[in-house]
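Each remark here refers to the structure printed beneath this line.
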Ligand code: SF4
């Protein structure tokens, strides 16, 4: 979205007080997330009353009566319902095919689909976004080519549910294969022009095939983010998730066969209605067994309009939060332990911060270069090879080879 605005001639300011327009990327997947976004919007409106504000993300899809007045006003501006002060201003939405793509980071986000046809009992997204629809394959190929030509060295595939991608007979594995080929260099031994990073991916046959594609291309990042949610089959079934714990294990083990150091991210939810201490311990056990490198833990919160919100066996809020804290502590320890396994290993870093000479490895670890003297010619967005010398607080330090 930032790229869209820059292409239309807008400039990014360093502080909110200098801005003519503030964009809030809102989320309403959990009640807490929505509450936080609403508070932020109210704060911005109060502090910068003359500044135009727009709200994007699924917060803007929430039904109007459930939103605070500040968010309703901001959303109205976005939808043009209250465009009194916006009539002569252009609000860019899309990059036209022939427009230049401005650069601010090394990483470009490629939205491949939106919406979801899932029926997860806790989720409001299908009601906001509707069923899944995919961006045409040819359009994604063109856009990726243009991102690469513009100098992006990492492209992140995004969407509500990536495994639902389907366009012109191409599913996610075929799409990843085609995009990875675009990013490869002509000479196999050289560094890729660009690497591809998968967004969150649900366990199942399509995800396994996608990991096989990862194995076939060195420029597909060795990182999987799995919205596992729970380590107890009973809870996954109550959530109406379309997989069981064994499917999560199979997916992670397949990725670990591609690379023993593949990074694994998990989304986990604690305190779903009916979750017993035993169920919780199963989730904790899943972390201990699979050693994910990144874990996002969310205490369950009821979303009005979902099946789960009507379930009777609600877990007290303090238990949900206590379990979330316990899981987060276990996960943090595992990340630190896992990071140490990289010491002595060669990693590939996309440089994001030229001053600090730091960036991200394909396995999604932040990594700083400590022999800067050897990097006089290294610039932001460059892909560099480095050997890890130290792991500290779950981040890496490396020397360029
Ligand atoms: S897969 Fe489930 S949790 Fe994810 S967006 Fe679809 S319905 Fe929601």
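Any read-out appearing in this document is the output of simple, stated calculations on the displayed coordinates, not a laboratory observation. This is a predicted model, so every value here is computed, not measured. Here the Cβ is made from the backbone with ideal geometry for all residues, glycine too, and neighbour counts use every protein chain on show.
General observations
- Tail weight of P(r) past 32 Å, computed on alpha-carbon pairs of the chain, percent: 41 percent
- Fraction of the pair-distance distribution of the stretch 107-340 above 34 Å, Cα-Cα pairs, percent: 18 percent
- Alpha carbon convex hull of the stretch 137-274, volume per residue in cubic angstrom: 113 Å³
- Averaging Cα coordinates gives a centre for the stretch 208-271 and one for the stretch 315-386; these two points are 19 Å apart.
- Based on the Kirkwood approach, the hydrodynamic radius assigned to the stretch 346-400 is 10.6 Å, with every pair of different Cα atoms included.
- Sorted on the mean count of surrounding Cβ atoms within 10 Å across their residues, most packed first, peptides 131-143, 348-360 read 348-360, 131-143.
- Normalised by 2.2 N^0.38 Å, where N is the number of residues, the alpha-carbon radius of gyration of the stretch 213-305 equals 1.15.
- Fewest-first sequence of 363, 11 by Cβ atoms within 10 Å of each Cβ: 11, 363
- Comparing 167, 17, 336 in a Gaussian network model of the chain where C-alpha atoms under 10 Å apart are linked, the largest mean-square fluctuation is found at 17.
- Unit Cα scatterers, Debye sum, the stretch 309-401: log10 I(q)/I(0) for q = 0.21 Å⁻¹: -0.92
- The rule of thumb for compact globular proteins, 2.2 N^0.38 Å, goes into the C-alpha radius of gyration of the stretch 195-260 1.14 times.
- Least to most buried among 306, 270 (fewest other Cβ within 10 Å first): 306, 270
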